[in-house]
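A quick write-up on the structure given underneath.
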Amino acid sequence: MAAPSNNRNSRDNSAGADDKSGMSEKVVFINRCAKVVKGGRRFSFSALIVAGDQKGKVGFGFGKANEVSDAIKKASEASRRNLITVSILNTTIPHEVIGEHGGGRVLLKPASPGTGIIAGGGVRAVCEAAGVKDVLAKSLGSSNHANVVKATLAALTSLRMPDEILKMRGKKSAEKKAL
């Protein structure tokens, strides 16, 4: 039984892009759990994966199995089933937003072109998979990988485009330029 390395850094654990669908996947976290039985220890693994098409669709998946590869495969399938659409303005997000899930809170701010993704761990993986190229982020609450990823997705889900907000107010885009 092969145990994964203790490297918990999400930047090095990329599963790569899938040729047929154009989806990129990123392994955010792999956890090993040990159950002590009569003959010794039984290990099981769980994997947290983020998948996206880098054009505004992103999702996450969580999978558990007795082998790392099976856990990653299950999480990958789950991430492709749970895709959401994200509002992207040029290469960044339209406005500042805070996302919350459980104890995890994530602050996302738009950044000027060329800034890059200034974020860590799960937030970086979600933003890269969604196709956001320039963003500033800060994790304000829990450091639990699953809650940070879910909080980031909650923040990206609550984003609205400027023309959508103007339409709700009963104004036209041309009026905005005149002001």
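The values are calculated or read from the model by the stated rules, or taken from the named source; none is laboratory data. Predicted, not measured: the structure shown is a model, and the values here were computed from it. Every residue, glycine as well, gets a Cβ built from its backbone with ideal geometry; the counts of neighbours run over all protein chains shown.
Just one residue in the set 108, 89, 159 is crowded, with 18+ Cβ neighbours inside 10 Å, in contact (Cβ under 8 Å) with a residue 60 or more places away in the chain and farther than 30 Å from residue 43 by Cβ; that residue is 159. Of all residues in region 48-74, those satisfying the criterion of being aliphatic (A, V, I, L, M), in contact with an Asp or Glu (Cβ under 9 Å, 6 or more places away or on another chain) and free of Cβ contacts under 8 Å to residues at least 60 places away in the same chain are 49, 72. Among the residues of region 119-133, none qualifies, meaning not one is β-branched (Val, Ile, Thr) and more than 19 Å from residue 27 (Cα to Cα). For region 92-105, a residue qualifies if it is touching a residue at least 40 places away in the same chain (Cβ under 8 Å) and either surrounded by fewer than 17 Cβ atoms within 10 Å (Cβ to Cβ) or assigned to a strand (DSSP E or B) (or both), and the qualifying residues are 92, 95, 97, 98, 99, 100, 101, 102, 103, 104, 105.
Flag: residue 65 does not match the condition of being among the small types (Gly, Ala, Ser) and either in contact with a His (Cβ under 9 Å, 6 or more places away or on another chain) or surrounded by 18 or more Cβ atoms within 10 Å (Cβ to Cβ) (or both).
In region 109-179, counting only helices (runs of 4 or more DSSP H) that sit wholly within it, the ones holding 3 or more residues that are touching a strand residue (DSSP E or B) at 6+ places or on another chain (Cβ under 7 Å) and in the same structural domain as residue 97 (by TED's automatic domain parsing) span 121-130, 145-157.
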